[in-house]
1. Specify which of the listed residues (C:Ser138, C:Ser167) is surrounded by fewer than 21 Cβ atoms within 10 Å (Cβ to Cβ) and facing another protein chain (nearest Cβ under 8 Å).
2. Scanning for something in a loop (DSSP other than H, G, I, E, B) and more than 30 Å from B:Ile453 (Cβ to Cβ), does region B:199-210 turn up at least one residue?
3. Which numbered condition trips up B:Asn297, out of (1) within 14 Å of chain C (Cβ to nearest Cβ); (2) without any contact (Cβ under 8 Å) to a residue 12 or more places away in the chain?
4. Please specify each residue of region C:25-47 satisfying the condition of being at the interface with chain B (Cβ under 7 Å from one of its Cβ atoms), charged (D, E, K, R) and not in a strand (DSSP E or B).
5. Looking at region A:230-246, which of its residues are more than 14 Å from every other protein chain (Cβ to nearest Cβ) and either in contact with a Lys or Arg (Cβ under 8 Å, 6 or more places away or on another chain) or of a type in the set (D, E, K, R) (or both)?
6. If you check B:Ser183, B:Ser120, which single one turns out to be in a helix (DSSP H, G or I) and out of contact with any strand residue (DSSP E or B) (no Cβ under 7 Å at 6 or more places or on another chain)?
7. Pick out the one residue from C:Phe103, C:Phe52 that is aromatic (Phe, Trp, Tyr), farther than 30 Å from C:Leu147 by Cβ and open to solvent by 10 Å² or more (accessible area, probe 1.4 Å).
8. Considering only residues of region C:72-100 that are within 10 Å of chain B (Cβ to nearest Cβ) and exposed (fewer than 12 other Cβ atoms within 10 Å of the Cβ), which is nearest to the chain's Cα centre (by Cα)?
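The values are calculated or read from the model by the stated rules, or taken from the named source; none is laboratory data. Just so it is clear, the structure is predicted and the values come from calculations on it, not from any experiment. Here the Cβ is made from the backbone with ideal geometry for all residues, glycine too, and neighbour counts use every protein chain on show. The accessibility values were calculated without ligands, DNA or RNA, using every heavy atom of the protein model including side chains. Shrake-Rupley method; radii C 1.70, N 1.55, O 1.52, S 1.80 Å.
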Amino acid sequence: MSEFASGYLVAFFFWFSISFGCLGILMIQHLTGGHWGFGIRRPLEAAAKTLPLMLVLFIPIILLSHDIYPWSHEAEAAQLGNKAKYYLNIPFFVGRAVAYFIIWSGLAFILSKFSLEQDKTNSVDSAIDVAQKCRNVSGPGLLISALTITFASVDWLMSLDPHWFSTIYGILTIGGCLLNSFAFMIIVLSQVGNREAMKGYIGSKHFHDLGKLLLACVMLWGYFNLSQLLIIWSGNLPEETIWFIRRRGGGWEYVGPALILLHFAVPFFLLLNRSLKKKPHIIAMVAGFLMVMRLVDLFWLVQPEFHGGVISPTAVVVTIVSAGIIGAIWLGLFFKLLSSNPLLPLHDPYIQKEAIVHGGH
Amino acid sequence: MEANSATAHQHQEPVLKDVIPVVNPGHNFETVSDKISSIVLRERTPITLIMALGIAFLVMNLLMAALTKLLYQGVGVWGLNTPVGWGLDITTFVWWIGIGHAGTLISAILLLMGQKWRTSINRFAEAMTLFAVACAAIFPLFHTGRPWFAAYWLLPIPNTMALWPQFRSPLMWDVFAISTYGSVSLLFWYVGLIPDLGTMRDRAKNQIVKMIYGMLSMGWRGEARHWARYETIYNLLAGLATPLVVSVHTIVSFDFAVSVIPGWHTTIFPPYFVAGAIFSGFAMVLTLLLPARYLFNLHDFVTMRHIENMAKVMLVTGLMVFYGYNMEAFFGWYCGNEYEFYMIYNRMTGPYWWVYWLLIFCNGVAPQVLWIKKVRQNVYILWGITIIVNIGMWFERFIIVVTSLHRDFMPSVWGMYAPTIWEWMLYAGTIGMFIFLMILFVRALPMIPMFEIKTLLPQSKVRHKE
Amino acid sequence: MKDKKDIYGLMAEFDNPQAIVDATRATYKAGYRKVDAYSPFPIEELSEALEFHPKVQYIVLCGGIIGGLLGYGLQYWTSAVDYAINIGGRPLNSWVSFIPITFELTVLIGAFSGAIGMLILNGLPQPYHPVFNVPRFSTASSDRFFLCIEAIDPKFDRRATAEFLKSLGALEVTEVEP
């Protein structure tokens, strides 16, 4: 059963990280502006609006929690003491998860509603007022999201080993979500970018900018992971190093170096290349490769805590199959949501200006 | 669409009611050069500035006195003792290095992100970086006790014992990080200055002044191919400086984090230190820029847009830092390790409790008023907030350095630390030195990059080839 | 041949960026190759008009690679080869600990080789250059734009080239003393 449960957790978190990451990017993009957000605003909104679906897909994790989380067992909980009593227990775990999803979904729907409201405005001034409303929601929203995803990452991933902890974990998770989402957005834009509605608005400049952001995310991923490794490796405290020791045998000793190479080094050097970032189909291929690596990375975060520390082929199959099934449902909903609204937020007051100035080349 | 792009630019600026321009309208190439270079070449030094220079000079002398005493008598004049072996010196070192981060951040990261508002403030902030790094370097150098040996110990120079520095130690990483950061920041600043030094040369009337600027500009003449290479390198330097600036405070955080001391050994330290550095750096830029803007009447180039944006960066990075405090507290409880828990409990309720809560107030609570637009646009309140943040960030480093050390694992080695007068003098002296150097800078060099401001003017736009 | 020797070239003055870009394009199209365009701020189109594409970025790449190898090599050689000593049970080749200094030296040498390379390729520092003999050239760093055709250009002809520059709408055409 643990093969199924743990595989499902990896697949769930993979797709969840896109839903959540897109919500985060959407809010960042409202706050900072910049034309990189122009083409992907509506895809971001559609992806963020899949968050309620992710709550439904979270139910199996609750049902399977005894197979996933050691702290859900009496004996382990007794050993954990207060931590299990006040934090790591099923009722509070479920309650927190529901609360996270309500907050995130609420933000996604409010921002999407404002954005559509802006489409109906007929003067620049009223469009600016809507943009101001988006910013007013996004500022506090980003703050709340950062806090909730930190606790969500502790609940869902870090507590797989309830004794282990790392204070950078929340930030690592945020970085992973953003990376996965930017990669997904590049692919989406490369697919819908030549549709009629997008003609003349989306150019190589947008891909170049998104490619730079993807590169930044790859670098951040490397930076956060190196920081965690270097600090734990140098400190050499048994309660912390156990996490890395578990990933040094049973086949995992090949996955770690492979991640450094394929999740960091190769995409890093590819994305340094300026002309590569400007070609939609090539950058989309790099982005797709990075999404695969995201799945591998999540597998590496989750799976060594199970099956006696050996890579389980069953779990690999379960992960791939469930990622495929969840993906089919998720993408179905995503494209339905995407097609129900105009593809471009043409009434955005700041973006119009950018489109005039930078359009065409 | 192409043919009209130049006109489109002229129309675009005032259309949006909530967008404040980065350069106030009405300027042309000549007025930009004139306004900025006159501050150095034509105008008399404002009397307030001369007085400030005098005061800064006097304060700087405290540094000389403190260092003389230290070298004459030894590090015993400081309040350091077991268990607190790092005190005000390392606290202030980290504080200065943090302040030194805004310069490169504004110059490099904002350049890469295409943020045009960086242009008016980047050179000022870069100069600040250089002087802050110079102030910072004093502390660890003199902490070694015998700074004249420092080069011999710290750099990989072959010696009679055939020993090499210990490269697994974060203190060695620090040596490389700080010296790289200092050198690359100086390079970036100087490369950014070259074309403007040419302008200064051409506008100076005094022959000697002309010659000095001429030598510094290396004979820059603004040829198209030179500009092309120049722009390529400037952007690449920005690309290199961006991870560099992150790495520097990361490595400073490693000084603490790779040890096993509760309160130091925590994986969130790298990003949390970097955020804190940017936070304090932007606070210091505003602390200095707001008076300079008033004194030299720079309202056309340092507009409300710059000020508000910097306030926003402060708010965001302040929240990141506050996130760090909360994570430390949460994981202090969650980890279930009694030493970790005691560390955070001791910070909140131990003998230094008031420093901890002041820090929470200064960095966590006070900056929250920046959510309000009116506050961000009120230079007086904003200036007050920047002072509070500067103080708060100093307290943060004090909390990290001192409270983590003063209660060791065994109560038998618990102790207290209070800085002596010589440490306070040293700290005050570096502030004097910093302000002294900043004043010399604004009097000797164009504090706003003229050629970059010109590229922001609508008349600088050129049609693309058909 | 005589007139090619006594002057450095001919210099035309313009007062806006569009004019200099157009003039430079026309000059290049007319077959002149020893052409220099001067502007008080970078104009991307101007170097494009001269069909110039900088290669200086490869110097940074090489410098960075050399710096990185040097940084790691220094640490590896001193810690694992020249004076191998067990410190805290860490492996002699502690690659995790060697990353920070490797990175710092990559940036240090990459940045300096790039900046120095840029100056060398630009021929700077240059204490003397004939264009400064034109009195109006002191405005080239403030608000004026100049186009200079050098006398060593095979197509250069003192009179015809001056006429050509005037036909491009130059405010003034001056001979540049060598």
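1. Exactly one residue qualifies, and that residue is C:Ser138.
2. Scanning region B:199-210 turns up no residue that is in a loop (DSSP other than H, G, I, E, B) and more than 30 Å from B:Ile453 (Cβ to Cβ).
3. That leaves (1) as the condition not met.
4. Filtering region C:25-47 down to residues at the interface with chain B (Cβ under 7 Å from one of its Cβ atoms) leaves C:36-43, C:45-47.
Pick out the ones that are also charged (D, E, K, R) and you get C:36, C:45.
Hit for region C:25-47 is C:Glu45, nothing else.
5. Within region A:230-246, just A:Arg246 meets the criteria.
6. Being in a helix (DSSP H, G or I) and out of contact with any strand residue (DSSP E or B) (no Cβ under 7 Å at 6 or more places or on another chain) holds for just one of B:Ser183, B:Ser120, which is B:Ser183.
7. C:Phe103
8. It comes out as C:Ile85.
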